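Input: a single structure, listed below in structure tokens.
None of the figures in this text is laboratory data; all of them are computed from the coordinates on show. It should be emphasised that the depicted structure is a prediction, and the values quoted were computed from it without experimental measurement. Counting neighbours? That spans all protein chains shown, and the Cβs are built from the backbone with ideal geometry, glycine included.
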Ligand code: GRF
């Protein structure tokens, strides 16, 4: 049974999609803890509603990034997880933290990386006039939104799109993509070899691109 820790900062919908897939598909895994860096975030209520153990490491109670990262690592290591999943976790993590969990630290980013790293990805995609947008699941390295790409989900950008409509379409794609990728890891099919992503025992219907042609 693999142990997962999920880190959140806000709404927690990706955390919920992973937790629900884990339960519904009876993964050989369980969510050991959902940890938030804000005590008032919506995702904590969602996690409690799913009967998941929750805790908070409040970044405002730590003077430096290093102090916060250390406290966060202590809370994570108390659960001795196999995998740490960043799911809308809005803090940049320092190099020592990233090194500590190398190869077992995943993130989801709401763009087709390397396009649009950072914030406000949907409005930047609209402003740039791209016709395809989406989400990327990647291993975390010591550079923001730059780790080895595991898989992507692509959605069309429609002529009359608003930022909200596009964000909603991408979020739905995230909810398909992230549980799939975490499950690959749980099933020992996904690993990071140096900087190369390996997906083992690929099945004919599996691709590392989820494409929404609508
Ligand atoms: C998602 O769009 C994720 O890609 C980004 O932050 C958002 C978090 O949403 N990193 P939620 O908290 O999972 O609902």
per DSSP, antiparallel bridges as share of beta bridges in the stretch 28-156, % nearest 5, sits at 65 percent
Reduced to Cα centres, the span from the stretch 134-179 to the stretch 28-95 in Å works out to 22 Å
With no solvent term and unit scatterers on the alpha-carbon positions of the chain, Debye gives log₁₀ I(q)/I(0) at q = 0.11 Å⁻¹ of -0.51
Expected sort for 23-35, 58-70 on mean C-beta neighbours within 10 Å, highest first, is 23-35, 58-70
Helix 163-186 sits off the longest principal axis of the Cα atoms of the chain, rounded to the nearest 10 on a 0 to 90 degree scale, by 60 degrees
Restricting to Cα pairs under 8 Å and 6 or more apart, the percent relative contact order of the stretch 1-116 works out to 32 percent
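How big is D, in µm² s⁻¹, for the stretch 24-128 by Stokes-Einstein at 25 °C and 0.890 mPa s if Rh is the Kirkwood radius over C-alpha pairs?
Details: Rh = 15.5 Å.
D = 158 µm²/s.
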Distance in nm between residue 162 and residue 211 label points, each 7 Å along Cα→Cβ, equals 3.1 nm
Rounded to the nearest 10 degrees, the helix 13-24 long axis (Cα) sits at an angle to the longest Cα principal axis of the chain of 80 degrees
Dividing the alpha-carbon radius of gyration of the stretch 166-214 by 2.2 N^0.38 Å, where N counts its residues, gives 1.30
Given a Förster distance of 41 Å, the FRET efficiency implied by the Cβ-Cβ spacing of residue 115 and residue 189, rounded to the nearest 0.05, works out to 0.90
Taking the chain and counting helices only, DSSP H stretches of n ≥ 4 at -39,500 (n - 2.57) each over all residues, the nearest-500 ellipticity at 222 nm comes to -10500 deg cm²/dmol
Ranked output for segments 73-79, 175-181 by mean other Cβ atoms within 10 Å, highest leading, reads 175-181, 73-79
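Calculate, for residue 127 and residue 176, the FRET efficiency according to 1/(1 + (r/R0)^6) with r their C-beta to C-beta distance and R0 25 Å; round to the nearest 0.05.
Working: r = 26 Å, r/R0 = 1.04.
After rounding to 0.05, the efficiency reads 0.45.
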Relative contact order in percent for the chain (Cα pairs under 8 Å, 6+ apart) equals 19 percent
Computed over the chain: longest principal axis from alpha-carbon atoms vs helix 65-77 long axis, angle to nearest 10 degrees, is 80 degrees
Taking only the alpha-carbon positions of the stretch 30-90 as identical scatterers, the Debye log10 I(q)/I(0) at q = 0.22 Å⁻¹ comes out as -0.94
Most packed first (mean Cβ within 10 Å per residue), the peptides 43-51, 84-92, 6-14 order as 6-14, 84-92, 43-51
